[in-house]
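Quick notes on the structure that follows.
What follows draws every value from the coordinates through simple rules; no lab data is involved. Model, not experiment: these values are computed from the prediction. All Cβ positions, glycine included, derive from the backbone under ideal geometry; neighbour counts span all protein chains shown.
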Amino acid sequence: MAGYGDNAGFTSYAEAAGYVFPDGTTDDQKTAARQRGSLVIDRYEPRFSGRRTDGYAQERAWPRTGATTYYGEAISSTETPVPIINASYEAAFLELTNPGSLSPVVNGAEAVKREKIGKIETEYAVSASTSVDDLVELSTPVVTAIEGMLWPFLVPILPGALVV
């Protein structure tokens, strides 16, 4: 599987942002991080307009047919917008330096409310919900840089209309 962009673009993006790759980072590690970063971006797919250009068999959420920006500007069905690629690079760098950090594993049955180790005791904020979706949402980190790059491509979520 291939992530968005390429290793040269990932390296240029990271260096321009002032990020420093860990010593000895290989191209294979960058490729793997780009793949994981792209999976993070593809989790937003339900909020992207349009549909996958090549249907369900298409590996990534982009390119899309019928996609528009938040402002209604058409996006070519052969294009993956640069901010989408850059958001995947941002996620890739986080994944490279802290693997798995953007895809936490959640087990609601093992949620800890209070923990005591010696004299230190900690009580955690716990959601009253036991919904798996709620637990996943609460445990998934929000990266404001990624959110900022993606928002122009997200469909506004409007409240449902009541019909009387």
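Descriptive notes on the structure:
- Backbone N within the stretch 138-161 under 15 Å of label point (7 Å from Arg47 Cα along the Cβ vector): 138-159
- Around the amide H of Arg64, modelled in the peptide plane, lie the amide H atoms of Thr53, Glu79, all under 5 Å away and 5 or more residues distant in sequence or on another chain.
- Overall, the stretch 1-89 carries a charge dipole of about 380 debye about its Cα centre when +1 sits on the Cβ of Lys and Arg and -1 on the Cβ of Asp and Glu, all other atoms neutral.
- Built amide H within the under 5 Å cut-off of Phe48, gap 5+: Val155
- Put simply, the convex hull of the Cα atoms in the stretch 1-119 casts, on average, a shadow of 11.6 nm².
- Using θ = phi - 60° in the Karplus curve 6.51 cos²θ - 1.76 cosθ + 1.60, the 3J(HN,Hα) couplings for the stretch 84-100 round to 5, 5, 5, 4, 5, 5, 4, 5, 4, 5, 4, 5, 5, 8, 8, x, x Hz; x is entered for Gly and Pro.
- Phi to ³J(HN,Hα) by Karplus 6.51 cos²θ - 1.76 cosθ + 1.60 over the stretch 44-53, Hz, x for Gly, Pro: 7, 3, x, 9, 7, 7, x, 9, 4, 4
- Proxy reagent accessibility, fewest Cβ within 10 Å first, across Phe21, Phe48, Phe10: Phe21, Phe48, Phe10
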